[in-house]
Each structure stands twice: as C-alpha cells, then as structure tokens.
Amino acid sequence: MTTLEQEPRSAERGEPLVVLEGVQKHFGALHALKDIDLTVTRGEVVVVIGPSGSGKSTLCRAINRLETIDAGKISLDGKDLPQEGKALAALRAEVGMVFQSFNLFAHKTILENVTLGPIKVRGLKKDEAEKKARELLDRVGVEHQADKYPAQLSGGQQQRVAIARALAMEPKVMLFDEPTSALDPEMIKEVLDVMVDLAKQGMTMVVVTHEMGFARTAADRVVFMADGAIVEEGTPEQFFTNPSSDRAKDFLGKIL
Ligand code: ADP
Ligand code: MG
C-alpha cells in the first residue's frame, strides 16, 4: 500500500497498544490482580471471561486508572500511565469505557451527554461537537432520540448512547465491562450488533462479557481469568473447543 503521508509506525494494526506487565493489585488481604501480563494490539478485540469475582472489572478499571495498581506497569500507545494529574486526564481520554450501568447524565439530553466530553476535554466548538455527536448517534441507531433525556430511552438505547459518548472522545481503545448484563434479553442484540460493527471497523477493544456468541464471533483472543490471574488465553476456537485448564473447563461446563 502506498500513501502520500506515512502513518507513524505506532499506528499500524498489530502494534502493541495496551501493555500490562506484572500488574498487581490488592484490596487489603485480597489479591485481586496477580501478576497480570497482557498485551492488546491495535485493532485487536480481546474478550475477557471468567467467574464472578475473578478480577475482570478491576483489570478494566486499572487500565484507565480508575483503580491504582500496587506493582507493575501499564502503558497505552507506548506511554506509561501516569498516576494522577493532567497527564492522567489526557491519557484517560484515550480510553473509552462502557459499564454495565449506563451512567448517562440524567439531567442532560442525549445530545448533551455525547457533546459534553468533546467540548470540555477536547476543546471542540459546540456546533462541531454536535455535528459529530449526531453522526455517532446515527451510527448506533438512536439519531431520533437526540433531544430526549436518558430516562425516556430503553436500556438498550441508553447503552448505545453510552457507546456513542465514549466514541465521541476518539479513544484509542474501548473497554466494555459487561455492557449487556443489565439489559433485558431483547435489547442485548442491538447493543452487541453495535459492538460487532465497531470491531469490524478496526476499533481496539477489551470486552468483559458473558455473551459467548459475541466472544466466538467477534473476539480475536479470549482471555480467561480466575482468582485474579490470567489462567489461559487463546483464539475463541481453541478456547471453546479445547480449553486446557481445569478451571476453564469447569467454567465452560457451567455456562455453555
Ligand atoms: P469481576 O469483575 O471478575 O466479577 P472484580 O474485579 O469486580 O471481579 O473483583 C475482584 C475481587 O476484588 C472481588 O473479590 C471483589 O470483591 C474485590 N473488589 C473489587 N473492588 C473492590 C474494592 N473497591 N474494595 C475491596 N474489594 C474489592
Ligand atoms: Mg465485574
């Protein structure tokens, strides 16, 4: 491929984007993350699965420093994650996060929810931010809800707005922590469809989910956690048809 302007080397698909090395986290006596080594490359979709309490949320929260770590290193696009201050805010803006609960601002319209970050953090002008927000709301299929308030939308619509809001910051990576767990069954698919689209468009994603259909079809890699450690990882094909650890076999036996 020839292009006039050479993309920086770090922008290539397959380059390390999120790198965790020897990450440790304790909550008092509880060892919540045990020596985690994980590299997520640009454009990769990593699905993290494992029993409740295995450290999946803590891992996500550590990646954007909602949680401090006790030891080890986390870097994003070659830069170490700072512990605090302006540098942290800037770096955090590069990591989009979507939680189980939608966390939209209840007293702001859908459009305002999506424009707030770009205006405040990225310094976009209001009309620019709104134009972009409308495009994103269109992309997640809620363009007609822009002037409504979150409570007027279904859970599935709210979660799609939460995804649009995260995308509005143009993050380098998107973290999803059980984004469909709080949704009624009929709304799960509409959210997963948006995530599958994002994955196809090359977004780097770390997805904690119990949706094994999504893991099978969208994941480049499945990471299985138990008791704060990464117990095994592999392609969905390897993991689902031939898991190597007893913990994973046991887990899959219960959920499949
Ligand atoms: P998962 O998302 O896989 O269900 P979590 O990362 O939420 O697991 O939790 C891992 C372990 O850490 C659990 O035992 C949980 O109770 C504990 N934990 C998580 N957050 C805190 C906290 N803020 N304070 C104390 N313990 C916590
Ligand atoms: Mg969790």
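The values are calculated or read from the model by the stated rules, or taken from the named source; none is laboratory data. As the structure is a computational prediction, the values presented were derived from the model and not from experiment. So basically every Cβ, Gly included, is an ideal-geometry build from the backbone, and we count neighbours across all protein chains shown. Side chains are part of the model used for accessible areas, which takes the heavy atoms of the whole protein and leaves out ligands, DNA and RNA. Shrake-Rupley method; radii C 1.70, N 1.55, O 1.52, S 1.80 Å.
Values as computed for the structure displayed
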read-out: Dipole of segment 105-157, positive end: most advanced residue of 153, 114, 142 [Cβ charges, Cα centre]; value: 114
read-out: Where GluC sites (Glu not before Pro) in DSSP loops with at most 11 other Cβ within 10 Å are excluded, longest remaining stretch of the chain; value: 85-256
read-out: In segment 132-182, the trypsin sites (Lys or Arg not before Pro) that fall in loop regions by DSSP, at most 16 other Cβ within 10 Å; value: 148
read-out: Cα lying deepest toward the dipole's positive end in the chain, options 53, 101, 251, charges on Cβ; value: 101
read-out: Total charge dipole magnitude, the chain, about the Cα centre, Cβ charges on Lys, Arg, Asp, Glu only, Debye to nearest 20; value: 560
read-out: Unit charges on C-beta of K, R, D, E only; dipole of segment 38-167, Debye; value: 140
read-out: Volume per residue of the C-alpha convex hull in segment 80-168, rounded to whole Å³; value: 101
read-out: Given charges at Cβ of Lys, Arg, Asp, Glu: the chain dipole, positive-most of 223, 129, 235; value: 129
read-out: Radius 9 Å from Cβ of residue 141, net charge of other residues (Lys, Arg +1; Asp, Glu -1); value: -2
read-out: Residue among 88, 59, 136 with the largest mean-square fluctuation in a Gaussian network model of the chain, springs linking Cα atoms under 10 Å; value: 88
read-out: From phi via Karplus (6.51, -1.76, 1.60), per-residue ³J(HN,Hα) for segment 130-140 in Hz, x at Gly/Pro; value: 5, 4, 5, 4, 5, 4, 5, 5, 5, 4, 9
read-out: Coordinate range along principal axes, alpha carbons of the chain, Å, largest first; value: 53, 48, 42
read-out: Full-extension gain in nm, residue 196 to residue 83, via 0.36 nm per residue minus C-alpha separation; value: 37.5 nm
read-out: Zero-based 10 Å bins, Cα pair distances in segment 144-256, whole percents; value: 12, 41, 32, 12, 3, 0
read-out: Neighbourhood charge, 12 Å Cβ-Cβ cut-off, centred on residue 183 and excluding it, Lys, Arg +1 and Asp, Glu -1; value: -3
read-out: Estimated vicinal HN-Hα couplings, Hz - segment 241-256 in sequence order (Karplus 6.51, -1.76, 1.60; Gly, Pro = x); value: 8, 8, x, 9, 8, 5, 4, 5, 4, 4, 4, 5, x, 7, 9, 8
read-out: Percentage of interatomic Cα-Cα distances in segment 1-143 larger than 22 Å; value: 54
read-out: Structure-based [θ]222 nm, the chain - -39500 (n - 2.57) summed over DSSP H runs of at least 4, per residue, nearest 500; value: -11000 deg cm²/dmol
read-out: Gap separating the Cα centres of segment 20-47 and segment 214-246, nearest whole Å; value: 15
read-out: Order of exposure, largest accessible area first, which applies to 65, 247 with probe 1.4 Å; value: 247, 65
read-out: Rounded to the nearest 20 debye, dipole of segment 137-256 from Cβ charges on Lys, Arg, Asp, Glu; value: 100
read-out: Per-pair calculated FRET efficiency, R0 = 30 Å: residue 217 and residue 151 via Cβ, rounded to 0.05; value: 0.40
read-out: Greater than 24 Å apart at Cα, pairs in 34/172; 132/172; 25/108; 131/172; 86/172; 73/249; value: 34/172; 25/108; 73/249
read-out: Protein accessible area in segment 48-174, 1.4 Å probe - carbon and sulfur %; value: 49
